[in-house]
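The values are calculated or read from the model by the stated rules, or taken from the named source; none is laboratory data. Just so you know, these numbers come straight off a predicted model, no measurement behind them. Cβ coordinates were reconstructed from backbone atoms using ideal geometry, including for glycine residues, and neighbour counts include every protein chain displayed.
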Amino acid sequence: MASVDVILLQRVDKLGQMGERVKVKPGYARNFLLPQKKAIRANKENLAKFEAQKAQLEADNLRRRGEAERVAERVSGLQVVIIRQAGESGSLYGSVSPRDISDACTAAGLTVNRSQVVLVHPIKTLGLTSVRVVLHPEVSIGVLVNVARSVEEAEKQRRGEAVGQAGEEEEEALDIEALLDPSEAEQPDV
């Protein structure tokens, strides 16, 4: 299969840095890099145009990166709560999408698009999950997503307490131990 030569206009994960000339598959260039203005085709005309604008592009990139780093410092350790319905086993009726996470981050004071939220696996259970939010191609932060049935349950999860079936079983075990007389519990059966 033929490859296409492109010049990267910004850093692209697992591909290269800004200004590098790389070979990629035609579909990747046509469907992702070129439409999102992450790269331009490497021909004589575009090479000359890129060299003329290189200093300006690098300055813009440094400015945006600096802004992203300041935002990352300000919101480091961000935790968001997402309330969802779930079954007794803790599995959600549906899943938490990048849009849900971006909406929760925006409500918490960090404006991000859903395309900036990187989910390795879809969130389909209750609990705490760490998610990466890309503020700039070179700057990303971790956001702790707390998925719970209610605000009270989210607070328990944040403190590290078990919730759902496991939490109820622990509470029942504690209640049973409290009901037993300590003197009877220590004596072996004769």
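Of everything in segment 151-161 that is closer than 13 Å to Leu128 by Cβ and either in contact with a Pro (Cβ under 8 Å, 6 or more places away or on another chain) or exposed (fewer than 14 other Cβ atoms within 10 Å of the Cβ) (or both), the residue that is modelled with the highest pLDDT is Arg159.
Against the criterion of being out of contact with any strand residue (DSSP E or B) (no Cβ under 9 Å at 6 or more places or on another chain), outside the structural domain of Arg149 (by TED's automatic domain parsing) and part of a helix (DSSP H, G or I), Asn61 does not qualify.
Name the residues in segment 4-51 that are under 29 Å from the mean Cα position of the chain (by Cα), of a type in the set (S, T, N, Q) and part of a helix (DSSP H, G or I), would you? Asn31 - this is the single residue of segment 4-51 that is under 29 Å from the mean Cα position of the chain (by Cα), of a type in the set (S, T, N, Q) and part of a helix (DSSP H, G or I). Among the residues of segment 98-121, those identified as touching a Lys or Arg at 6+ places or on another chain (Cβ under 6 Å) and part of a helix (DSSP H, G or I) are Pro98, Arg99, Ser102, Arg114. Residues in segment 65-91 that are in contact with a Ser or Thr (Cβ under 8 Å, 6 or more places away or on another chain) and farther than 18 Å from Val143 by Cα: Ala86, Gly90, Ser91.
The single condition among (1) surrounded by 15 or more Cβ atoms within 10 Å (Cβ to Cβ); (2) farther than 12 Å from Val81 by Cα; (3) under 11 Å from the mean Cα position of the chain (by Cα) that His121 does not satisfy is (1).
Every residue, every condition in (1) in contact with an Asp or Glu (Cβ under 6 Å, 6 or more places away or on another chain); (2) exposed (fewer than 12 other Cβ atoms within 10 Å of the Cβ); (3) of a type in the set (A, V, I, L, M), yes or no:
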site	(1), (2), (3)
Val12	no, no, yes
Gln17	no, no, no
Lys23	yes, yes, no
Ala59	no, yes, yes
Val80	no, no, yes
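The single condition among (1) modelled with pLDDT of 90 or more; (2) under 30 Å from Glu20 (Cβ atoms); (3) not hydroxyl-bearing (Ser, Thr, Tyr) that Ala72 does not meet is (1).
Residue by residue, here is whether (1) at pLDDT 95 or above; (2) in contact with a Leu (Cβ under 7 Å, 6 or more places away or on another chain) holds:
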site	(1), (2)
Ala2	no, no
Arg11	no, no
Glu20	no, yes
Asn31	yes, no
Gln36	no, no
Ala39	no, yes
Ala42	no, no
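Before we move on, is Arg21 out of contact with any Cys (no Cβ under 6 Å at 6 or more places or on another chain), touching a residue at least 12 places away in the same chain (Cβ under 8 Å) and under 24 Å from Ser130 (Cα atoms)? Answer is no for this residue. Taking segment 41-73 as the range and being closer than 26 Å to Asn31 by Cα and of a type in the set (Val, Ile, Thr) as the test, no residue passes.
Take the conditions surrounded by 14 or more Cβ atoms within 10 Å (Cβ to Cβ) and aromatic (Phe, Trp, Tyr) and apply them to Tyr28. Does it pass? Give the derivation first.
Working: surrounded by 14 or more Cβ atoms within 10 Å (Cβ to Cβ): yes; aromatic (Phe, Trp, Tyr): yes.
When the stated conditions are applied, Tyr28 passes them.
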